[in-house]
Amino acid sequence: MKTALKMQEEVDRKQYKHYRALGIDSYPFFISNEFEWACDHCISRKNTEIANPFNQLGAFTQHLIYYDSPRVCETCNSDFVFTAQEKKRWYEQYQIWNFIQPKNCPSCRKDVRAYKNNNTRLSNLLQSGAEDLTSEEIREVIAIYEQWEKPDRVKYYESLLRKAEQRAKRQNDNQTTTGS
């Protein structure tokens, strides 16, 4: 526990301006808190990731060491592991609050991100109205609705696509007859 306790003392020293004068004993605080730490044996076996507590956003305490944590996905109920490397990335690189943990497995999180990205793209495409879309944009809308398994929407936009292609063909035919 020497490594983790030394890190806790560093945090206390930085957090409390007069650390020595206050006579703060980090050990009781260390034992009573709910943050991640590991014994020196686990650290030496590389079963963990050393954290940088000063790069984390946390209301009360910072993690000193990250380790793998088993979880169950709320969407598909499968078991997954919130790895030490993921935690380091979440809490130190992405600056996610250090008490937040994933509710879903990586696969379900990926699906949620894809859905949100498609929803944003769809909103941007349809912002000016379906009548103003190019044939390529209508194809994108159709592809999104096919992914979402919305057959009524697919049929509607396929009919718009046929009309847009017929309109483009008529315009092309008119240009070739007037240009000759």
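The values are calculated or read from the model by the stated rules, or taken from the named source; none is laboratory data. Small disclaimer: the values here were computed from a predicted structure and weren't measured. Cβ atoms come from the backbone with ideal geometry, glycine included; neighbour counts cover every protein chain shown. We work out accessible area using only protein heavy atoms, side chains counted, and drop any ligands, DNA or RNA first. Shrake-Rupley method; radii C 1.70, N 1.55, O 1.52, S 1.80 Å.
Descriptive notes on the structure:
- Whole-Hz couplings from phi, Karplus 6.51/-1.76/1.60, listed for region 83-97; x for Gly and Pro: 6, 4, 5, 4, 4, 4, 5, 4, 7, 9, 8, 7, 6, 7, 3
- With each label modelled as a point 7 angstrom along the Cα→C-beta vector, the Ser78-Ile100 pair spans 2.4 nm.
- Nitroxide proxy distance, nm - points 7 Å out along Cα→Cβ at Thr134 and Lys169: 2.1
- Accessible surface of region 82-128 [probe 1.4 Å, protein heavy atoms]: carbon and sulfur percent: 51
- Dipole magnitude (debye, nearest 20) for region 33-180, charges at Cβ of Lys, Arg, Asp, Glu: 280
- For Phe82, distant residues with modelled amide H under 5 Å away: Ser69, Arg71
- Ligands, DNA and RNA are left out, and with a 1.4 angstrom probe the accessible area of region 54-167 is 64 Å² per residue.
- Take the Cα of Arg109, step 7 Å toward its Cβ, do the same at Lys2, and the gap between the two points is 3.5 nm.
- Among the chymotrypsin sites (Phe, Trp or Tyr not before Pro) in region 47-128, those placed in a DSSP loop whose Cβ has at most 10 other Cβ atoms within 10 Å are Phe60, Tyr94.
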